[in-house]
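**Q** Here you go, one structure.
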Amino acid sequence: SKSLSDEENLKLFGKCNNPNGHGHNYKVIVTVRGEIDPVSGMVINLTDLKAYMQEAIMEPLDHKNLDKDVPYFAEVVSTTENVAVFIWENLKKLLPMGTLYKVKVYETDQNIVVYKGEETI
């Protein structure tokens, strides 16, 4: 985080605090919801969903240094939580309104983030 000192970054991020960056092979699961179309039997065509995921996730993030290659992360710390928010926001723009339910991002088998968007009260 640019807003923290080197010592604070080390304390907060531990081994993930590397000035030259480090890599992850994230796994992303997208859950949609809605009415099942009586003709197709689907909430959304999986071919369409795959294309949306390609545009919203793979094109901007795959094989990229998030901090250097993705403008969103120039000012946002590239934690798994923020990666989930980034994916949510990108998918929300592409999917039919109201169908995006959940984005689940696996940093590792043990570190998993689930994001369902901002709740409105």
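**Q** Let me know the charge dipole size of region 28-67 about its Cα centre in debye, to the nearest 20, where only the beta-carbon of Lys, Arg (+1) and Asp, Glu (-1) is charged. Working shown, then result.
**A** Numbers: 3 positive and 7 negative charges, 22 e Å.
Dipole size: approximately 100 debye.
**Q** Still on this structure, I have one more. Can you give the charge dipole size of region 21-115 about its Cα centre, rounded to the nearest 20 debye, using +1 on the beta carbon of Lys and Arg and -1 on the beta carbon of Asp and Glu? Walk me through the intermediate numbers first.
**A** Values: 9 positive and 13 negative charges, 33 e Å.
My answer is approximately 160 debye.
**Q** Here is a further query. Determine the gain in length on full extension of the stretch Tyr106-Leu4; use 0.36 nm per residue of separation and subtract their C-alpha separation, reporting nm with one decimal.
**A** Details: separation 102, 0.36 × 102 = 36.72 nm, distance 2.56 nm.
Computed gain between Tyr106 and Leu4 is 34.2 nm.
**Q** Of Lys68/Lys93; Lys50/Lys104; Lys11/Lys102, which sit over 27 Å apart, Cα to Cα?
**A** As for pairs spanning more than 27 Å Cα to Cα, those are Lys11/Lys102.
**Q** Report, to the nearest whole %, how much of the accessible area of the chain belongs to carbon and sulfur atoms, 1.4 Å probe, protein only.
**A** Numbers: 4560 of 8870 Å².
Summing carbon and sulfur atoms, their accessible area is 51 percent of the total for the chain.
**Q** So, one more: Taking only protein heavy atoms into account and a 1.4 Å probe, give the accessible area per residue of region 21-115 in Å².
**A** For region 21-115, the per-residue accessible area is 65 Å².
**Q** Using the Kirkwood formula on the Cα atoms of the chain, what hydrodynamic radius do you get, in angstrom to one decimal?
**A** Details: mean 1/r = 0.0627 Å⁻¹.
Every distinct Cα pair counted, the radius reaches 15.9 Å.
**Q** Something else now. Residues with amide H under 5 Å of Val77's amide H, sequence separation 5 or more or different chain, H placed in the peptide plane at 1.01 Å from N; which?
**A** none
**Q** Continuing with the same structure: What does the helix-only formula give at 222 nm for the chain: each DSSP H stretch with n ≥ 4 adding -39500 (n - 2.57), the total divided by the residues, and the result rounded to the nearest 500 deg cm²/dmol? Please report the intermediate quantities before stating the final value.
**A** Values: 4 runs with 35 residues, N = 121.
Calculated from helices alone, the mean residue ellipticity at 222 nm is -8000 deg cm²/dmol.
**Q** May I ask you to evaluate 6.51 cos²θ - 1.76 cosθ + 1.60, the Karplus curve with θ = phi - 60°, for each residue of region 52-67 and list the ³J(HN,Hα) values in order in whole Hz, giving x for glycine and proline?
**A** My calculation for region 52-67 gives 4, 5, 4, 6, 7, 10, 5, 4, x, 10, 5, 6, 10, 7, 3, 6 Hz in order.
The values are calculated or read from the model by the stated rules, or taken from the named source; none is laboratory data. Predicted, not measured: the structure shown is a model, and the values here were computed from it. All Cβ positions, glycine included, derive from the backbone under ideal geometry; neighbour counts span all protein chains shown. Please note that ligands, DNA and RNA were not included when accessible areas were found on the heavy atoms of the full protein model with its side chains. Shrake-Rupley method; radii C 1.70, N 1.55, O 1.52, S 1.80 Å.
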